Structure formats: structure tokens, C-alpha cells
Amino acid sequence: MSASDALFEPRKQRRALVARLFHAACVLITGGAVVVLGVLLYRVWHDGSELLSLEFLDRFPSQITPEKAGVKSALWGTVWLIGLTAAVAIPTGVGAAVYLQEYAPRNAFTRLIQLNIANLAGVPSIVYGLLGLAVFVRWLRFDRSVLSGSLTMSLLILPVVIIASREAIAAVPNSIREAAFALGATRWQTVRHHVLPAAAPGILTGVILSMARAMGETAPLIMIGALTYIRFVPGGTHEAAPGLAGWVGWFGEAIRDPFVVLPIQIFNWAEQAQPIFHKLAAAGIVVLLTVMLILNGAAVVLRAFWQRKQP
Amino acid sequence: MKLTGLEVRPPMTRTADSVRTSFVVEPKPVPERTPSVISIDRLSVLYGTHVAVKEVSMEIAERRVTAIIGPSGCGKSTLLRSINRMNDFIAGIGFQGAIRFRGRDIRDPGYDPIDLRRSVGMVFQKPNPFPKSIYRNVAWGAAINGYRGDLTQLVEDALKKAALWEEVKDKLSQSALALSGGQQQRLCIARAIALQPEVLLMDEPCSALDPIATARIEDLIDKLKAQYTVVLVTHNMQQAGRVSDYTAFMYMGELIEMDATGRIFTNPQVRKTQDYITGRFG
């Protein structure tokens, strides 16, 4: 015992108890969430498994013979919607983030833009649906097409993509930029070779989250009128002429096709009275979750590959 | 001058410091005169209204080591970073006066800072290798500047000049981040050398390193001056005394005194310089 011991009252037992309690609370909360998720997944699987088959993926929905219904149009609608949304939102979002973080001057105007982006991330999705209806469906006359849906969805996820990308870019240490500039690099060379590769994992995380959100969103698509009983996939009714020009022409037709996506199909089935439709809905949920899992898994693999490739 | 709590040392340490200083620095011969490469002409640098560098004029001699010493916040880093225009990125910075590199005003609108930085390399306070392979760290600067020779040979030469080749020649494709701090700093020197610069600016290059790594960098600086002009900012007076040919003492943005290192350390003309060197303040 030294003289200074009298100055401290460690209360070690009490502190250890608080630490254990907090640990237990964390385990309990995490465990609770996992259990709830497990129960949900089990219920869905239990209800939907009897209708699940490879044919389920390759059949169109049907009101008359629900036991022969499938998610082909919805699955392909989702693939088209997500593909187009990614093609629009990722370059725009990452580009805006790079501009705001690396190029834009820090003044009142850019601060206003940043504040607005943060606010837009919190706007309810139905509002984006209304915007899409007014701008893309009516004003630009894209009709109720997969193009209108993708553009609406892009607007919806853009704020999230921009914010996540900005955070990732801001986290790149300034010493890296200085090192590049001191070697006579231009700003673009610095961004292209050092800032973006270092920020890529963070950007990818934001992109994955927003893509998952776009895949699950229903309200804005209902607003712009993604129909439910669609017995074809986008581009399925057009013939592509040979050659690149033919393919481009087919693509232009395809993105103007009406479409349905998995969440809307599921919602529609769940609304019906007969039990068979509820099973269809459950099977549709399993498909949606699987698609989401595949997409996220691919992104995780890509991110790991990116990080390993760095040297 | 800004003083943070960390820098306030008890008087005892100061006495010990001054004893050590006078012990380590033996009178150095005055170096042979060489032409001036960089000429700083009444340069003032302002951050908004704060004057960080105040009407500083100095000539940097070719193939010599010039040390800039002074207490924290005296403007020595600001001055150094003005020489290769690294301060351009700071919003609200203002310049008066001129810096001439080989007779040409570096702030001349026709002078691309990219050309300037190729000729005037920089090594930073904290080693900042790119999170890439050792090879790409050294090769990148040359590659983006359109180097037409053999890149592999260039990397080897630069690493040899930076006294790092023997330690890394078998792991050029490994990440530079796996190297020790001292090795990383020598890699940063190699990276700067690979651009075949004329001048190397070093901003307290040893402040994040242990004494052994510091000694290696100091040896390296001594070798580098055969080929390059080195400007070294340091707050370590012993280091300035050991490696530099000329020493400039700055205080509160002003250049107080500049002379051959041997003379500055043994016979400073200004009282303030003497006080700083003997550890009476700082």
C-alpha cells in the first residue's frame, strides 16, 4: 500500500459488474434480433417452399391458375430496374461526391448543396414516386416504363450514394494527396490513382446498401404505375436486329416496356384472399431475399478482391 | 508564436539541452561557395490576415544542405511548402514577394506547378507511402510524368540512392505499408529521387522516427548533397548542426539570421539566435 492509495476509491467490483451487465445487454439485443430474423425466415420458407422450384422462376403470374404462377416478369423486372438504376446512380453519385469533396470550393453555396443532399436522403420515397410520375412519366413521356422506374429509383438512392461516397473519400488521409501532388500529379491523377482506390471499399458499402434499398422499395414504383399483371419481360416482345445498331435499338425498346418488380408482385399476391396466393407471396419473398443475398455476396467478394489487389 | 502545453519544458531540461548542444556541434568548416538555385526575395505568406512568413529573403546554394530552424509556428514549414507551391491548396492564402527557381518566378502564371514539383521534390514529416507496392511507390511519379527510360532500372537506382535497395530488393511487389517507419521514409525519399529532381525539400523528415532510423536518414542526406540541393526544416538543432552546410534561423515569421552552419552555431551575430541555439527559449 502506497500513500497515494488513500486518494483513490477504485470500486472495482462495481465497475466489473457494470461492464458485465453491458456485455450481457449487447449479447441479448444481438441475439434477439437474430432470433426474430430466424423466425421470419423460417415462416417465409415454411409457407413458400412447396411452390418454390426452378419453374417458379420461369413462369408468369396468373390469376386463373395460381398454382401455375411464377415470378418471371417480376424477377426480370427487378434485374432490369436494378441494372439501370446502378448504371445511372453509381456514376452520378460517385461523380458528385468526388466533385464536392475534391474539386468544389468550400463556400456557402457548396455547404447549401451538402445540406440539401443530407435532407434529400430523409425524404419519404413516395415523394420521389410523385416526382417520377410528374417528370419522367408525364413530362418526359417515358410512360410507365422500366426507364421511368429506374430514373425515379436513381433519384431516390442518389443522396445515400453521395453521402456514403463523400464519407469514404473524406476518410482518405490528406497525406496521400500531398504525396501525389508533390510528385507532380494532376488532381485527376491523384483522384484516379490514389483517392478513389483507397475510398473504393467504403463507396462500395454505400452502393450495396442503396442497391438493397432500391430493390426493396415499392411505394415510388406503385406511384409511377409499375403494373402487376405483366406477362412478358422487358425486351421480351421485341426482336433484336443483327449487329450493334440492332442491339441498341432493342435496348431502347426494352427500357420503354412496362414492368413489374418482385416487391410489387409479392404485395399484390399478399392482398388476395385465397391461401394459395399467400404461398405465392412467401415464395416470392424467398426469391427476393435470394437475389438480394447474391447481389450483396457479389459486392462483398468484389470488395475483398479490391482490397487484396491494392499493392 | 504559439506554444502548446507539450512544448513547455521545465528549466532543468533546457539547461541539459544547451549543454548537449554545445557538446555535439564541433565547429564546421565553412562550405565552398556554390551558385544559388532558389532565390527567395522578400517573401511574405499570409493566412487570411495572419502573417506566417514575413519578408524573408534567402539564397539556397546548389548541392548544399540548408537547414531552417526555429521554434514551432515560426513559419519554417510554410516557407518550405511555398517553394514547391504545396501551399496553393490552402484556401485564403496570400503571397507577396517572389521565389525564383533557376531565375524563374515560380508564381509566374505560365509556370505550371506540375513542372516545378518535378524539379523540386518533397519529403514530408510523417512517412506517407502510397498503400501500394514498393515498386509502384517509386515508379508512379515517373510513370505519370511520362518517363521514357526503363522504369525497372529507375526504381532500382532510386532505391539504391535512398540506401533502401538491399533491404527491399526481394520484396518490391509487397505493400510499402509493411515497411518500418524509417524504411518508409527512405522509400519516400526514393520516390522523390526517381523524378530526377534538382532540389529536395524535407519537412522535419525525422520527427516521427527513432534515433537509429534518424541517424540513417541523416547519413543519407549527407550523401544526397553530392547530387541534390537539400532544404531541411527541423526543430532539432543537433540535427541541423550535424547535417547542414547553411543554417537559417526563423522566429515569428522572420528570418533572423542565416549563415554557414559552423558560424551560426559557434558565433551567431544576433542575440536571439544565440538564445535559441543555447536553449534559452524555444
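Every number here is computed from the coordinates shown, using simple stated rules; none is lab data. Predicted model only: the values in this text are computed from it and were never measured. Methodologically, a virtual Cβ is constructed for each residue, glycine included, from the backbone with ideal geometry; neighbour enumeration extends over all protein chains shown.
Annotation for segment A:214-233 versus segment A:164-192: alpha-carbon center distance of 41 Å. The alpha carbons of segment A:1-137 stretch over 87, 54, 23 Å along the principal axes, in descending order.
Relative to the longest principal axis of the Cα atoms of chain B, helix B:211-224 runs at roughly 80 degrees. log₁₀ I(q)/I(0) of segment B:127-191 at q = 0.13, 0.20, 0.21 Å⁻¹, via Debye over equal Cα point scatterers, no solvent, to two decimals? Once normalised to I(0) and log-transformed, intensities are -0.28, -0.67, -0.74. Taking amide H as placed 1.01 Å from N in the peptide plane, B:M122 has its amide H under 5 Å from the amide H of B:L201, each at least 5 places away in sequence or on another chain.
For segment A:52-304, would you read off the P(r) tail past 26 Å as a percentage of all alpha carbon pairs? Don't jump to the answer; show the numbers that get you there.
Working: 15477 of 31878 pairs.
In whole percent, the share of Cα-Cα pairs in segment A:52-304 beyond 26 Å is 49.
Counting Cβ atoms of other protein chains within 10 Å of each Cβ in B:127-134 and taking the mean gives 5. Bridging of A:K72 to aspartates and glutamates at a Cα separation below 16 Å is possible for A:E55, A:D58, A:D257, once same-chain residues fewer than 8 apart are set aside.
For chain B, the longest principal axis of the C-alpha atoms and the axis of helix B:151-161 are separated by about 30°. Computed from Cα positions, the angle between helix B:181-193 and the longest principal axis of chain B comes to roughly 70 degrees.
In nm², what is the average projected area of the convex hull enclosing the Cα atoms of the protein assembly as shown? Can you show the working numbers first?
Details: hull surface 159.1 nm².
The orientation-averaged projected area of the Cα hull of the protein assembly as shown comes to 39.8 nm².
Among all helices in chain A defined by DSSP H, which have a length of 20 Å or more along the axis from Cα atoms plus a Kyte-Doolittle mean of at least 0.5? Intermediate values should be presented prior to the final figure.
On the way: long enough: A:12-48 (54 Å, 0.84); A:72-98 (38 Å, 1.34); A:146-170 (34 Å, 1.72); A:196-216 (30 Å, 1.29); A:275-309 (51 Å, 1.27).
Helices meeting the span and hydropathy rule in chain A are A:12-48, A:72-98, A:146-170, A:196-216, A:275-309.
Listed by chain and number, the lysines whose C-alpha is less than 22 Å from the C-alpha of A:K68, apart from same-chain residues fewer than 8 away, are A:K279.
For chain A, the relative contact order comes to 25 percent (Cα pairs under 8 Å, sequence separation of at least 6).
Candidate cross-link partners of B:K160 among the lysines, defined by an alpha-carbon separation under 24 Å and a same-chain spacing of 8 or more, comprise B:K126, B:K132, B:K169, B:K171, B:K223, B:K225. Taking the square roots of five times each eigenvalue of the Cα gyration tensor of chain B, the equivalent ellipsoid has semi-axes of 30, 23, 18 Å, listed largest first. The alpha carbon centroids of segment A:240-279 and segment A:119-155 are separated by 17 Å.
The calculated Kirkwood hydrodynamic radius for segment A:79-206 is 15.9 Å, given to one decimal from all distinct C-alpha pairs.
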